[in-house]
Amino acid sequence: MLLKFTKMQGLGHDFMVVNGVTQKIFFSSELIKRLSNRHFGIGFDELLLVEPPYDPEMDFHLRTFSALGDEIKFCSHGSLCCARFVIDHHLINQTDLVISTESGALNLKVNDDDTVTLNVGIPDFSPKIFSKDRSVFESKVYSLPLKNSQNQDISAVFLHAPYAVVFLDKLDTSLIERLSLQIENHDFFSQKMHVVFVQVINQHLIKIQFDKKVASFEDFAYASAAAVTCGIYQGRLQNAVNVRALDDEWTVAWDGLGQKVSITSEPERIYEGTVCL
């Protein structure tokens with residue numbers, strides 16, 4: 001069987017994107033692992049399978065598989081590529097899209113400059129979302145006691161997942177490794193936190209980083225939105241903000257409390273290919 005696919009990249013990750021609307025294919029874990037091999041296969045971080053909508057209110061359904069063959073629930077990076085893919089392959093003639101995933105519906109817009117914007121929801125700064133102590137009042141900054149009698153200032157926000165945001169003068173890998181696990185499982189929190197470290201370059205540009213032993217690929221898009229909203233909330237940043245990570249750059253926009261956050265990036269089509277299965 002000959003399978004057509006598109007190789008794409010966006011937000012620092014690369015994808016094998018397959019049209020499951022006009023061609024039918026079943027991907028076993030073994031097949032995906034073979035295809036994802038960077039020496040003997042196509043090579044990719046994730047495989048995206050674009051299918052007809054399961055719900056008539058949706059435009060498409062997106063299934064996402066890791067390079068190890070496991071189906072994962074959500075990939076914001078992949079959804080941006082998916083939106084660009086369906087337009088480029090003339091699978092739809094509108095630029096405002098609603099795409100369903102295992103984690104829910106995504107609202108995307110393909111812009112005239114070939115960028116794609118993803119709406120990621122309204123950030124929640126209420127401490128009841130993440131704090132064990134129900135008497136804690138909402139604050140822009142919380143001071144956490146760490147080992148060796150040190151305190152670390154953090155911001156906290158819920159945006160698809162709970163995030164602890166740490167602003168540093170410089171992104172120091174050794175410091176990030178030392179702080180990350182302590183903050184992630186701190187007694188202050190009622191649940192495990194995603195920890196993102198931020199360096200402010202100017203009011204419209206930041207760099208972000210994770211402890212690689214803790215964070216996963218799926219963190220970057222939403223984590224960047226969490227970082228930007230916390231930065232704007234504190235007055236460190238002004239809308240809109242460019243985010244740098246993984247040798248890539250994208251834009252996060254937020255108009256303030258009660259407003260939705262959006263991520264805009266330009267997915268890149270690397271090549272069109274065919275593989276014999």
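Only the coordinates and a few stated rules stand behind these numbers; no lab work does. The structure presented is a predicted model; accordingly, all values stated were derived computationally and were not measured. No Cβ is skipped: glycine too gets one built from the backbone with ideal geometry, and neighbour counts run over all protein chains shown.
Structural remarks
- Using a Förster distance of 35 Å, the FRET efficiency for Lys4-Lys128 (Cβ separation, nearest 0.05): 0.10
- Fully extended contour minus Cα-Cα distance, from Asp55 to Leu246, at 0.36 nm per residue: 65.3 nm
- Folded to 0 to 90 degrees: helix 173-184 orientation relative to the chain principal axis, Cα: 80 degrees
- The chain: angle of helix 219-234 to the longest principal axis, Cα-based, in degrees nearest 10: 40 degrees
- Of all DSSP bridge pairs formed entirely within the range 127-259, close to 70 percent run antiparallel.
- Selection among Val165, Ser265, Val110 by position relative to the dipole of the chain gives Val165 as farthest towards the positive end (Cβ unit charges, Cα centre).
- Kirkwood-based Rg to Rh ratio, the range 45-92, C-alpha trace: 0.97
- A compact globular protein would have a Cα radius of gyration near 2.2 N^0.38 Å; the ratio found for the range 127-259 is 0.98.
- Whole-angstrom gap from the range 109-127 to the range 216-259, using each part's C-alpha centre: 10 Å
- Sorted from longest to shortest, the spans of the Cα atoms of the chain along the three principal axes equal 63, 37, 34 Å.
- Considering only beta bridges that DSSP places wholly inside the range 107-205, some 75 percent are antiparallel.
- Calculated [θ] (222 nm, deg cm²/dmol) that DSSP helices of n ≥ 4 give over the chain, each run adding -39,500 (n - 2.57): -5500 deg cm²/dmol
- Extension gain, Glu268-Thr173: 0.36 nm per intervening residue step, less the Cα-Cα distance, totals 31.3 nm.
- Test item: Cα-centred dipole of the range 127-259, Lys/Arg +1 and Asp/Glu -1 on Cβ, debye: 300 debye
- Between Asp248, Asp59, Asp124, the residue with the greatest mean-square fluctuation in the GNM of the chain (Cα pairs under 10 Å linked by springs) is Asp248.
- Subtracting the Cα-Cα distance of Asp255 and Arg38 from their residue separation scaled by 0.36 nm leaves 74.0 nm.
- Proxy reagent accessibility, fewest Cβ within 10 Å first, across Leu62, Leu168: Leu168, Leu62
- Among Met1, Met58, Met16, Met193, the order by Cβ neighbours within 10 angstrom, fewest to most, reads Met1, Met58, Met193, Met16.
- Max mean-square fluctuation residue, GNM over the chain, Cα-Cα springs under 10 Å, options Asp169, Asp153, Asp187: Asp169
- Positive-end residue, the chain charge dipole about Cα centroid, Cβ charges, pick of Val200, Tyr233, Leu146: Leu146
- Computed from label points 7 Å out along Cα-Cβ, the spacing between His89 and Asn185 is 4.2 nm.
- The distance between label points at Glu102 and Leu205 comes to 3.9 nm (points 7 Å beyond Cα on the Cα→Cβ vector).
- Within the chain: Cβ-based charge dipole about Cα centre, in debye rounded to nearest 20 (Lys, Arg +1; Asp, Glu -1): 600 debye
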